Structures are given as structure tokens and as C-alpha cells.
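Chemist: Structure provided below as C-alpha cells; questions to follow.
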Amino acid sequence: MYVILNAAMSIDGKISTRGNDSSFSSRKDWIRVHKLRSSVDGIVVGISTVLEDNPMLNVRYYSKGKDPVRIIIDSKARIPLNSRIIKSSKKIQTIVGTTRNAPIRKINALKKVGVQVLFSGKRKVNIKSLFQQLENLGLKRILVEGGGEINWSVLKTGLANELIVTISPVVVGGRNAKTLVEGEGISNITNGIKLKLTRTLINNKNEIVLFYKLG
């Protein structure tokens, strides 16, 4: 499996403001992102992204694209049945990765509307195990558009092969604003996750897109 982590952030490393506004990318960058979406088998986000943004996670800004399978990491099956993702699950294949502790009534409701449910982990989704299940289903190329917690989980487990970061020319600050990578973090810089810069792209909105390889 090949895993790409893609995100947009402010110059000071925030992926959303303290008011949960995450609209950092320009239209030109969205075209790039949607072209990237069309090239993968599946797109992964966490439940927080769904609850805050109510996204569709389809391909809209690239006319030649296909919609990837949408995968939601949701340990307690909190995804609303009236969310845009669930309401369109019969048109676009949708998977919810959850745990056996999730309410069985909610699991049955999700299955009833065409959502495929995968179980992994006891109280929290085991991302490594979930990604193995996705690979077994034939999803070989995965795009992660997660928040800081999901990004940390993917990076710390060594699942990511590539990291693409769009840096928007804006500073937003905020000690409670979400950053690119959160989780428990690493205590010593020498133990940090190493990356290799392979390409840079500057568009006409003064955005810089950085392409990194891992491992």
C-alpha cells in the first residue's frame, strides 16, 4: 500500500483557526488536491473532520476524475446519519472504520444505508490494522486528509510514504488552533520522523506546496 498524507496550513503551522476555519487553499490548490484524489483508491479522514466540516470527499474540481472510496476513522461510530457522506453512500462507496465498542444500533443503521463497516481495535481504531484491511479489499493507494491526530497516527506507525503540505501566506496564531501533527509527539528532535524534500511548487496565490518522501 502507498499512503499519501496531504494538508494545507498557515505559515505558523495551523491547519485550522481557533474557530475551526480550515479554508487555507486557493482554488488552484484545490484543483491540484482533487486531481490527486482522483488518482487514489481511497481517501481517509477522521470523525472530527466530518463533524466540523461535513465534507463530501469527492472529486469536483477535476473533470476527468473518479471518486475514491471514502474511509472515515470513527472509533465510536459518531458519524451523523444526515451527514453529506452518509446521505451519498449509495452513490459513492463509503467505509467506516470503528471498534466493537461502537453502538450496535448505529452500526446496523450505517449498514442499512449502504456503508461498509470495518472493525479494528478495542476502544480506539488501530490504524495499522485498518489499513491492512483496506489493502486486503484492493485499496492500494490511499490519500489521508486528516486532522492533527490522524496525521500523527499515520506518521508514527510508519504508514505514510509521502507528505504534501500547502503553506498558505497567512498567520492565524491561536494556542488552541489545530496544528498539522498533534498526538503525544516526540520528546527529542533526534528521534523525529525524517523526511526528504523532493519537489516544491509555487502558484500565483503565493502558496508554496512542499513534497516530501518518508522512509
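FYI, it's all coordinate maths here, none of it is from the lab. None of the values given here were measured: they were computed from a predicted structure. Reconstructed Cβ throughout: ideal geometry from the backbone, glycine too, with neighbour counts over all protein chains shown.
Chemist: Just grab the label-to-label distance for Leu197 and Val170, each label 7 Å out from Cα along the Cβ direction, in nm (one decimal).
Modeler: 2.4 nm
Chemist: To make sure I understand the rule: partners must be lysines, Cα under 24 Å from the Cα of Lys90, and not fewer than 8 residues away in the same chain. Which ones qualify?
Modeler: Lys35, Lys64, Lys66, Lys76, Lys106, Lys111, Lys112, Lys140
Chemist: How long is the gain from Lys66 to Arg84 if the chain were fully straight, where each residue apart is worth 0.36 nm and the alpha carbon distance is subtracted?
Modeler: Length gained between Lys66 and Arg84: 4.7 nm.
Chemist: If each residue's Cβ is checked for other Cβ atoms within 10 Å, how do Tyr62, Tyr2 rank with the fewest at the top?
Modeler: Placing the least packed residue first, the sequence is Tyr2, Tyr62.
Chemist: Per the Kirkwood definition applied to all pairs of different Cα atoms, how many angstroms is the hydrodynamic radius of segment 2-214?
Modeler: 17.7 Å
Chemist: Per residue of segment 69-76, what does 6.51 cos²θ - 1.76 cosθ + 1.60 with θ = phi - 60° give for ³J(HN,Hα)? Whole Hz please, x for Gly and Pro, Karplus curve as stated.
Modeler: For segment 69-76, the Karplus-derived couplings read 5, 9, 10, 10, 8, 8, 4, 10 Hz, x marking Gly and Pro.
Chemist: Which values, in whole Å and largest first, are the semi-axes of the equivalent ellipsoid of segment 91-215 obtained as the square root of 5 times each eigenvalue of the Cα gyration tensor?
Modeler: Ellipsoid half-lengths, sorted descending, are 31, 18, 17 Å.
Chemist: So for Arg175, Arg100, Arg141, Arg37, fewest C-beta neighbours within 10 Å to most, what's the order?
Modeler: If I rank by nearby Cβ atoms, fewest first, I get Arg175, Arg100, Arg141, Arg37.
Chemist: Also: Before rounding to the nearest 500, sum -39500 (n - 2.57) across all DSSP H runs of length at least 4 in the chain and divide by the residue total; then give [θ] at 222 nm in deg cm²/dmol.
Modeler: Per the formula, -6500 deg cm²/dmol.
Chemist: Starting from the Cα of Lys178, draw a straight line to each of the lysines and keep only those under 20 Å, dropping any in the same chain fewer than 8 residues away.
Modeler: Of all the lysines, those that pass the test against Lys178 - Cα under 20 Å, at least 8 places apart if same chain - are Lys14, Lys156.
Chemist: Quick one: Karplus J couplings for segment 44-56, per residue in order, coefficients 6.51, -1.76, 1.60, θ = phi - 60°, nearest Hz, x for Gly and Pro?
Modeler: My calculation for segment 44-56 gives 10, 9, x, 4, 4, 4, 5, 5, 8, 10, 6, x, 9 Hz in order.
Chemist: Return the distance in nm (one decimal) between the two label points of a simple spin-label model at Asn204 and Arg100, each offset 7 Å from Cα along Cα→Cβ.
Modeler: Label at Asn204, label at Arg100, 5.7 nm between them.
Chemist: Okay, moving on. Multiply the residue separation of Glu149 and Ile11 by 0.36 nm, subtract the distance between their alpha-carbon atoms, and state the gained length in nm to one decimal.
Modeler: Full-extension gain reported as 47.7 nm.
Chemist: Moving to a separate point now. Check Ala8: other-chain or 5+ apart residues with amide H under 5 Å from its amide H, H built from backbone geometry?
Modeler: For Ala8, whose amide H was placed from the backbone, the distant partners under 5 Å are Thr166.
Chemist: Counting only complete DSSP H runs, which helices of the chain cover 24 Å or more along their long axis at the Cα atoms and score a mean Kyte-Doolittle of 0.5 or above?
Modeler: Span-like helices, by this rule, are absent here.
Chemist: Please list, in chain and number order, the residues 5+ apart from Val69 or on another chain whose amide H is under 5 Å from its amide H, with Hs placed from the backbone.
Modeler: Hits under the 5 Å cutoff: Gly42, Ile43.
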